[in-house]
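Note sheet for the following structure.
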Amino acid sequence: TEEGESIVLNAIAAGYRHFDTASYYENEKVLGQALKKSSIPRNEFFICSKVWNDAQRKGREAVRGSVEKSLAAFDFGDDGGCYIDLLLVHWPVPGYHVETYKELELMCKEGTIRSIGLSNYKEKDFNELV
C-alpha cells in the first residue's frame, strides 16, 4: 500500500537498514518497492524473512517455492541483489522442520539465502537438527 511504502521510506530516512518480513505478514512487496524508491543499494540493507508452517507441511519443494515467492515479491532485480540475508524457520513444525532446514541449506549454498535462523525452537526441536 502507499501508506506502508511511506512508512518504510520514513524508516529508511531515519536510518533503518534492517527489516523483518514474512509472506504471512504480506509486507514483502511493499518493502521491495520502498527499497527501490530509496535509491540506496540493496546490499546496504539486511532483510530477514520466514518460511511459514504451511510450506513446511507441503515439503521441501513448497519450502523452496515459498522462498522464491518472497524473492519475487521483493523484486530486488537481477543486479546481484536477489537474495535474502536471513531466512528463519519461524516455527519448528513437528515432523517437517528438519527437511525444511535441509532445503534452506541448499538454497544457502546456491546464494539465494545468506544465512538460516531458527525461531520459537525449544531445546528438543534444536536437538532434532544436530
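The values are calculated or read from the model by the stated rules, or taken from the named source; none is laboratory data. Remember, it's a predicted structure, so these values are computed and weren't measured experimentally. Counting neighbours? That spans all protein chains shown, and the Cβs are built from the backbone with ideal geometry, glycine included. Heavy atoms of the whole protein, side chains included, go into the accessibility calculation; ligands, DNA and RNA do not. Shrake-Rupley method; radii C 1.70, N 1.55, O 1.52, S 1.80 Å.
Among the listed options (i) 320; (ii) 103; (iii) 154, the one matching volume of the Cα convex hull per residue in Å³ as calculated from these coordinates is (ii). Seen against the Cα atoms of the chain and their longest principal axis, helix 2-13 is set at about 80 degrees. Taking amide H as placed 1.01 Å from N in the peptide plane, residue 113 has its amide H under 5 Å from the amide H of 84, 108, each at least 5 places away in sequence or on another chain. Backbone phi angles across segment 22-33, fed through the Karplus curve with coefficients 6.51, -1.76 and 1.60 (θ = phi - 60°), yield HN-Hα couplings of 6, 4, 4, 7, 6, 10, 5, 5, 4, 4, x, 5 Hz in residue order; Gly and Pro are listed as x. Applying 1/(1 + (r/R0)^6) with R0 = 30 Å to the Cβ-Cβ distance of residue 129 and residue 13 gives a FRET efficiency near 0.15. Expressed as a whole percent, the accessible area of the chain that falls on carbon and sulfur atoms is 51 (1.4 Å probe).
Accessible area per residue for segment 28-130 in Å², computed with a 1.4 Å probe and the full protein assembly in place, what is it?
Details: 5490 Å² over 103 residues.
Counting only protein heavy atoms, the per-residue value for segment 28-130 is 53 Å².
What the phi angles of segment 57-62 give under the Karplus curve with 6.51, -1.76 and 1.60, with θ = phi - 60°, is a coupling list of 5, 8, x, 4, 4, 5 Hz, glycine and proline written as x. Structure note, pairs 58/102; 29/69; 36/109; 50/102: Cα-Cα distances above 19 angstrom occur for 36/109.
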